[in-house]
1. Here is a check on your reading of the model: is D58 without any contact (Cβ under 8 Å) to a residue 60 or more places away in the chain and surrounded by 13 or more Cβ atoms within 10 Å (Cβ to Cβ)?
2. Within the stretch 132-142, can you find the residues that are among the hydrophobic types (A, V, I, L, M, F, W, C), open to solvent by 40 Å² or more (accessible area, probe 1.4 Å), assigned to a loop (DSSP other than H, G, I, E, B) and closer than 12 Å to V62 by Cα?
3. Across the stretch 23-48, what is the total count of residues that are open to solvent by less than 60 Å² (accessible area, probe 1.4 Å) and either at pLDDT below 85 or not in a helix (DSSP H, G or I) (or both)?
4. Those residues that are over 17 Å from the mean Cα position of the chain (by Cα) and aliphatic (A, V, I, L, M), I need them from the stretch 51-70; list them, please.
5. Restricting attention to the stretch 2-22, report how many residues are surrounded by 15 or more Cβ atoms within 10 Å (Cβ to Cβ), within 16 Å of the chain's Cα centre (by Cα) and either assigned to a loop (DSSP other than H, G, I, E, B) or of a type outside the set (A, V, I, L, M) (or both).
6. Going through A114, A129, A99 one at a time, which residue ends up being surrounded by 13 or more Cβ atoms within 10 Å (Cβ to Cβ), outside any loop (DSSP other than H, G, I, E, B) and modelled with pLDDT of 95 or more?
7. I'd like to know if the stretch 85-96 contains one or more residues that are of a type in the set (D, E), assigned to a helix (DSSP H, G or I) and at pLDDT 90 or above.
8. Which residues, counting only those in the stretch 80-96, are crowded, with 16+ Cβ neighbours inside 10 Å and of a type in the set (D, E, K, R)?
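The values are calculated or read from the model by the stated rules, or taken from the named source; none is laboratory data. Model, not experiment: these values are computed from the prediction. Because the Cβ atoms are built from the backbone with ideal geometry, glycine has one as well, and the counts that use them run over all protein chains shown. Protein only, heavy atoms only, side chains kept; ligands, DNA and RNA dropped before computing areas. Shrake-Rupley method; radii C 1.70, N 1.55, O 1.52, S 1.80 Å.
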Amino acid sequence: MQKKEVAESCFDLLHHSMVETFTAANRAHPERDLEQMGFTVGGKLAEKYVRDRTLFADELEVMTFLCKDFWTEVYGKQMDKLRTNHKGVFELQDHRFRAILRVSTGPEGNSLEAARKLLIFPCGVIRGALDCLGVVGTVRAD
């Protein structure tokens, strides 16, 4: 089966446009809706990517798959770091995440708020993938 790819710039533009549309529209809960969309996308992508794999032995294997294989398929690179406290808390780090790499302050001058909005969808993608793989948890961006 031939692999189809989309230019990174098109994906970035789509992501930024989704965030802008969801947050600018008169929605009751724009952030929840954006996260839910990411959840749906992440679950469907995880189903596709694990179709021909053996089952995971534990949560650490799931997280390793998420950081290496899943993230590479979705964002074109592996996560930079995976840390755990061995008590069920995992920290995933991507130091050069494309979605927020070029965030500018804009007219309001709040780049932190702009970056936070851009991370809602990817957090949903991670949560959806985890849910599909049998791991229930909370995902947040810091």
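1. It is false that D58 is without any contact (Cβ under 8 Å) to a residue 60 or more places away in the chain and surrounded by 13 or more Cβ atoms within 10 Å (Cβ to Cβ).
2. V136 - this is the single residue of the stretch 132-142 that is among the hydrophobic types (A, V, I, L, M, F, W, C), open to solvent by 40 Å² or more (accessible area, probe 1.4 Å), assigned to a loop (DSSP other than H, G, I, E, B) and closer than 12 Å to V62 by Cα.
3. Total satisfying the criteria: 2.
4. Correct list: L55, A57, L60.
5. 4
6. Details: A114 fails: modelled with pLDDT of 95 or more; A99 fails: modelled with pLDDT of 95 or more.
Answer to the selection: A129.
7. Start the filter on the stretch 85-96 by keeping residues that are of a type in the set (D, E), which leaves 91, 94.
Adding the requirement that they be assigned to a helix (DSSP H, G or I) leaves none.
Checked the stretch 85-96: no residue is of a type in the set (D, E), assigned to a helix (DSSP H, G or I) and at pLDDT 90 or above.
8. D94
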